[in-house]
Structure formats: C-alpha cells, structure tokens
Protein chains: 2
Amino acid sequence: MNAKPQSLIEAIRPTTFIESVPLSNLLGAKVTVATETFQHTGSFKFRAAYNVALNTPNDIYIAASSGNFGQALARACQILGKRCIVVMPDNSAGVKIEAVRSFGATADLINTKEIGRWERVQQLAQQYPDAYLASAYDDPLVIEGNSTLGLEIADYKEKFDAVIVPIGGGGLISGVIKGLCDKGDTAQVYGAEPLMGNDAARSMREGKIIINELEPQTIADGARTVSVGEHNWQIIQNGVRGIFEVSEEKIKEGVRTLFAYANLKVEPTGALTIGAVLENQEFFAGKSVCIVVSGGNVDTEVYQQILSI
Amino acid sequence: MNAKPQSLIEAIRPTTFIESVPLSNLLGAKVTVATETFQHTGSFKFRAAYNVALNTPNDIYIAASSGNFGQALARACQILGKRCIVVMPDNSAGVKIEAVRSFGATADLINTKEIGRWERVQQLAQQYPDAYLASAYDDPLVIEGNSTLGLEIADYKEKFDAVIVPIGGGGLISGVIKGLCDKGDTAQVYGAEPLMGNDAARSMREGKIIINELEPQTIADGARTVSVGEHNWQIIQNGVRGIFEVSEEKIKEGVRTLFAYANLKVEPTGALTIGAVLENQEFFAGKSVCIVVSGGNVDTEVYQQILSI
C-alpha cells in the first residue's frame, strides 16, 4: 500500500472468517474463527494503531511495546508519513526489533534492569514534547479502531450465540463489544484470559479493576498486562457476560488444534479463545460460537515447542 | 453446511487473498497469495470434486487417492447425499484415513505390494457398474470446477502480471487458465513443478505428454503424478507461459517463508509457487505476482521437520 488511506475502513483488511467442519465436529459446537492473523502486521493491533495515528494531529508517536502494537504503530505511521519510536527491551527477539525497523520506526532499545519501559517513555516525552504517547489499549481511539472488528462480526452471514475474545489490556474486547452494540447485535460476549494472569476475571468478580502484582509470565505474551485499562473497564464491566480463565495447557492445545483442524498458524494469545472452548465444551455444546484469533506472530522456536508436545 | 448447495459457486468458499508487505519486500516483487488452505477440506480439490458429484447422475463415486482429492470427494458426496469409496494404501497416514471416514466415505485399504491402486479401482468398478470413476485431474468437470479459482483471480482488485500455479496432474493450472480466459484476463500463467518430477516441463519442451517412469518421491506429495492428463494438456500446452522446476530445498524454504512472512500454514505442494519465486527472484523483480497455494494439509511431523531445518 503506497497511497495514504484517509479512512480506517479503507486502511484495514477485513478479518478472515473460517468455518471448519472438522473443528466444529471436534468441539461439538458450530465454531467460526474470525482471524486477524492476516491483518496488516499480523494482528488486530493495526486497527487501533491506524485509528490513533489517523485521528491525532501529532507528527511523532511513542509507544512501549516488544510485540504486536509496536509493529502496528510503526506501520501505521509509515503509511501516514509520521515518525514513530518504539521502546523495546534490548533482549527482545531479533525478529521483533527488525520488524519495527522494517516499517521505518526507531527501535529504542533499553536495558530493563536499568530503566523501566514507562520511565523511558517519559524521558522521550520530555525530549519530544509534541509527541503522542500511544497506549495499546487504554485510549478511546484504540477502542474505536478495534470496534471495526465488532462491526464485521455483526455483519457476518451467521448470527452467533456467543463471541469469545482474548483479554489482555482489554482493548480488543471493549472494541468488539462497542462494534456489536453499534450494530444492535445481541450476541453474548465472553473474554478469554490466561488463568496465570486472571486480573480481568477477578475484576469482574470484585466489581473494580484488580491489578496483578507482576506481569504474569503466561505463554500468551499478548496478555502479559497487569490490568485492563480504565476506558476498557467502563465497557467491559457491563458488556462482558463472563470471562474464561484458560490454563497454559489449553492455550497450547488450542494452538495445536487450530493447526490441525483449521490449517491456521496462530500465536498463543490468539489461541486463548479456542482454549476457552476446549476447556468448557459442555458450556458451548450446540451453540454457534465465533472465536476471535487476535494474531499470528510467534517465534518459530516457540511454535515448534508447542507442536512437539 | 447441512443444506445441499445446488450450484458450485454456492458450495465453495472463495479463496483467501493475502498481501504481505514483508513478503513482498523480501522477494522484491509485489506478491499476493491466493490460498486454498481454508477451502472445504483444506485444499482446492473440493472445487473439482463438488463439480463432478453435482453434475453427474451417479449414486456412487470411486476414486484412488491417499491425499486431498479423496477427502474432497468424500465431503462433496456427503453434502450431496451420495456414496463414496476412496481406495487408499493401507499404510496411509492415520489422519488421512480418518478424514475420509469422518466425511462418511468408505476408505478401501489395499496392500499396494499385492494390488495396484488402479487395479483395485477396476475391481470395484466391476462390483459397482453404475459408479462414477473420478479422476483428480483428467476430467472436463474437474477443470471446470477448478476454473472458479481463475474467475476469482480475474475478479481481484489488482491486475497481475503473472499467476503461478502448482502442477501435478495439471487439474488446477488448466482450470485457472480456463477461468482467466473466460474473464478475458491476460495475466501470464506459469506452472511450478518439483524438479524431481518435471514431466510437465519436459512435456512443454517436447510438445507432447512425457510420462515419468515412477512416481517421483518429492516432498510435494500432491505432485507425485507420473504425467499431466490428456484434457489438461490440451489447455496447458498453449495456455502456460513457462514452467519452473523447483528444487526440494526451495519447496521447504517456501513453507518456512510463508510461515514466517505471511502467517500461513501450507503443505509442501502448496509451497511450490513461492519456491518458484524464491528460486527466480530476478525474473519476478518488480512484477505483480499472484502465487496460488493449493492446500494446507500436512502431517505435523513433516511440518516440524521442515521448520527445524
């Protein structure tokens, strides 16, 4: 894409819906996958990043991300002719650093033993006072960007009983809820969160945002957040019907299941939703379920380890 | 799908087009993938199989296939309420036998040391004189079914300089040529064939069908055919601009490249076309190229071996 799309809808790729008969037979439910693995930069994050960069007047954007949001923001800024700095730990996977650079952004590498990521972002903010400090989830523009996925799910030829969405910071699920609501779609929305980092599920139980003491070291690295964001919580607390806390084992089984039954390469975070179905088959039996796969960017070594188990 | 679609277009899933900026940057060409990995039964073969079963009056269908055509014909017959027998070597992968059975067909297992596949098909034909003996490629109905992919490529928003299609028996490439011609699309069509089983390339050079003495033991198991079919040859000999003979190494590199740069799980046969581009980068430099990925059904162990190299 060389032109600059002036609307988000023009810029994003529609999600890819996959219906697999063998997968549905295996799970005893009518399962439709909505996969963002073929979105620009390989995850849903591009929807949010492009919406942020398109609708703010700044010339420079700063984010802390060693994962999908950094790549997405870098690419969005590249398309829109803006500058982007991504703060990343200096021990991030080489391919991730390269990906950010390949989209024309600066990878600002830090030693996390010497300086925290947010501390470094604050330093850069002082250096570039006109920069936009981009959050991967806690921003109305992020939620609005991600809501386009909800619109697409609402417009799909099939009406779903349930839609399951991964939860990390809550940017995607709050967007999907907003998109479904905007279309008057009454599908029940469920979250899928790693059991190891179940702050969102605990937040729902306690009626307020609960914060993990540390970043949970789940294999679902897109969900290694300490809590959902404030803007996200406003939507999640009423819009989510329930949150499934998925074991590490079922996340990995989910990766293998989508490989074998749907020809789909997904990253562990993207397998949270199939993991939730695998772990709760009685609950979903006979229902028409849309499972959102958030992205496909996974290191080859990690993927191989998961396949070999 | 429980209803019986009465037209092929209604029955098939549209192909999935994927444009990956990192992939295009890597290859120095504007590459668009048209992938059939999410087609019913995971390969393009369903297009052909459904068209055959839909447009013939028989109640029973017999095919020899240990691979994608067997599964596709089984599923097509299941949808149309017809009976299907698939002759398979008794040492076929268990998952392939299970897949055929899961679609309601009979897996007729033979010891290939005692009886040849076609010999067994002839035995069954005598037993079921009203059966349709289905060829995976050498049948006008197969070509017509596969031509739907050519129609979709012609209708894509981008006009391609070149379209590259895997060649085994020639069923897919002859169909794609027909579909493009039916739409007046003048993209140049190239074949991609394993160097180890280069009968089609040799046929083009000699102007007549050349037959391999043995089934070539290429990793691209969908192209282990001894020659292209007669009906296919009629179209291929004038419609194909050239055939790339792809080394085993580049087929495997193609699988890894699509995994890493396009989040795509493909079977080795499906990677013939990216292999052709990897091996001929100068030829394709700066062109707009559509590479057809024929399917995604690969054993986990084989896939892991390819990833580990």
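The values are calculated or read from the model by the stated rules, or taken from the named source; none is laboratory data. Note that this is a predicted model, so its numbers are computed, not measured. Using ideal geometry, Cβ is built from the backbone for each residue, glycine included, and neighbour counts are taken over all protein chains shown. Note: areas computed on protein heavy atoms with side chains; ligands, DNA, RNA excluded. Shrake-Rupley method; radii C 1.70, N 1.55, O 1.52, S 1.80 Å.
A few remarks follow.
- All positions within the range A:258-285 that are more than 14 Å from chain B (Cβ to nearest Cβ) and not in a helix (DSSP H, G or I): A:N280, A:A285
- Close pairs (6 angstrom Cβ cut-off, 6 or more residues apart or separate chains): in contact (Cβ under 8 Å) with a residue 60 or more places away in the chain and crowded, with 19+ Cβ neighbours inside 10 Å in the range A:103-122, not in a strand (DSSP E or B) and not small (G, A, S) anywhere: A:F103/A:R75; A:F103/A:Q78
- Residues (within 14 Å of chain A (Cβ to nearest Cβ) and either closer than 13 Å to B:V31 by Cα or within 16 Å of the chain's Cα centre (by Cα) (or both)) located in the range B:287-309: B:S288, B:V293, B:S294, B:G295, B:G296, B:N297, B:V298
- Elements of the type helices (runs of 4 or more DSSP H) sitting completely within the range A:127-223 and holding at least 1 residues that are open to solvent by 10 Å² or more (accessible area, probe 1.4 Å) and closer than 25 Å to A:K30 by Cβ: these cover A:140-155, A:171-182.
- Candidate set from the range A:6-18 (those that are touching a residue at least 24 places away in the same chain (Cβ under 8 Å) and within 10 Å of another protein chain (Cβ to nearest Cβ)); member that is nearest to B:V100 (Cα to Cα): A:I18
- Flag for A:S227 being open to solvent by 10 Å² or more (accessible area, probe 1.4 Å), under 26 Å from A:A134 (Cβ atoms) and under 15 Å from the mean Cα position of the chain (by Cα): yes
- In the range A:236-267, the residues that are within 16 Å of A:R202 (Cα to Cα) and not basic (K, R): A:I236, A:Q237, A:N238, A:G239, A:V240, A:G242, A:I243, A:F244, A:E245, A:V246, A:S247
- The set of residues in the range B:154-173 that are basic (K, R) and either in contact (Cβ under 8 Å) with a residue 60 or more places away in the chain or closer than 21 Å to B:V255 by Cβ (or both) contains only B:K159.
- Subset of the range A:103-159 (residues that are under 25 Å from A:S227 (Cβ atoms) and aromatic (F, W, Y)): A:W118, A:Y132, A:Y137
- When the range B:244-257 is filtered for residues that are within 14 Å of chain A (Cβ to nearest Cβ) and either of a type in the set (A, V, I, L, M) or more than 25 Å from A:V266 (Cα to Cα) (or both), only B:V255 remains.
- Any hit, the range A:235-254, residues being farther than 23 Å from A:V293 by Cβ and either among the hydroxyl-bearing types (S, T, Y) or modelled with pLDDT of 95 or more (or both): yes
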